[in-house]
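Report on the following structure.
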Amino acid sequence: MENITIEGTKYTPEIKSDIRKGEIKFYGSSYPENANEFYQPVYDWVERYFDQKDASLVVNFYIYYFNTSTSKCFMNLLEILENNHKKGKKVTVNWHYSEDDEDSLDSGEKLFMEMDINFKLIPVNNI
């Protein structure tokens, strides 16, 4: 299994995984023209990761803006993570937000509101 690396653009986040660390990171903004198409390789990678590894996964979001279609994709990803968590896999999701950005904090809270998953809202100086 290989790491996933998707270079960020003006419209899409940089996405990088590190299998040795059991981590995947999302950094930037997300408003791609076709969010489902953009995030499908991420869903596939996460599913393969849990199928092939009996290890934990830490997901770090450093997203400063995302649109509604991305929100739906994040929910799809969180459902995949939650399903694996229910199967006994260890999953932690960290939502990093600029401490002066209440909208980003609210977005993180709303995403995780009904999820049965370990998550942390982490204030940082700047994203």
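Remarks
- Residues within the stretch 51-78 that are of a type in the set (S, T, N, Q) and either outside any helix (DSSP H, G or I) or within 16 Å of Leu121 (Cβ to Cβ) (or both), tallied: 3
- If only residues of the stretch 84-127 that are free of Cβ contacts under 8 Å to residues at least 24 places away in the same chain and part of a helix (DSSP H, G or I) are counted, the one that is surrounded by the most Cβ atoms within 10 Å (Cβ to Cβ) is Leu105.
- For the stretch 37-68, a residue qualifies if it is polar (S, T, N, Q) and within 14 Å of the chain's Cα centre (by Cα), and the qualifying residues are Gln40, Asn60.
- The single condition among (1) farther than 17 Å from Lys25 by Cβ; (2) part of a helix (DSSP H, G or I) that Leu81 does not satisfy is (1).
- Just one residue in the set Glu14, Glu47, Glu79 is touching a helix residue (DSSP H, G or I) at 6+ places or on another chain (Cβ under 8 Å) and surrounded by fewer than 16 Cβ atoms within 10 Å (Cβ to Cβ); that residue is Glu47.
- Once the stretch 51-73 is narrowed to residues that are without any contact (Cβ under 8 Å) to a residue 60 or more places away in the chain and buried (at least 20 other Cβ atoms within 10 Å of the Cβ), the residue that is nearest to Arg20 (Cα to Cα) is Leu57.
- Qualifying residue in the stretch 31-42 (condition: small (Gly, Ala, Ser), modelled with pLDDT of 95 or more and either surrounded by 13 or more Cβ atoms within 10 Å (Cβ to Cβ) or closer than 18 Å to Ile4 by Cβ (or both)): yes
- Qualifying residue in the stretch 19-26 (condition: more than 14 Å from Leu81 (Cα to Cα), of a type outside the set (A, V, I, L, M, F, W, C), out of contact with any Ser or Thr (no Cβ under 8 Å at 6 or more places or on another chain) and assigned to a loop (DSSP other than H, G, I, E, B)): yes
The values are calculated or read from the model by the stated rules, or taken from the named source; none is laboratory data. What you are looking at is a predicted structure, and each value in this text was computed from that prediction instead of being measured. Virtual Cβ from ideal backbone geometry, glycine too; neighbours counted across all protein chains shown.
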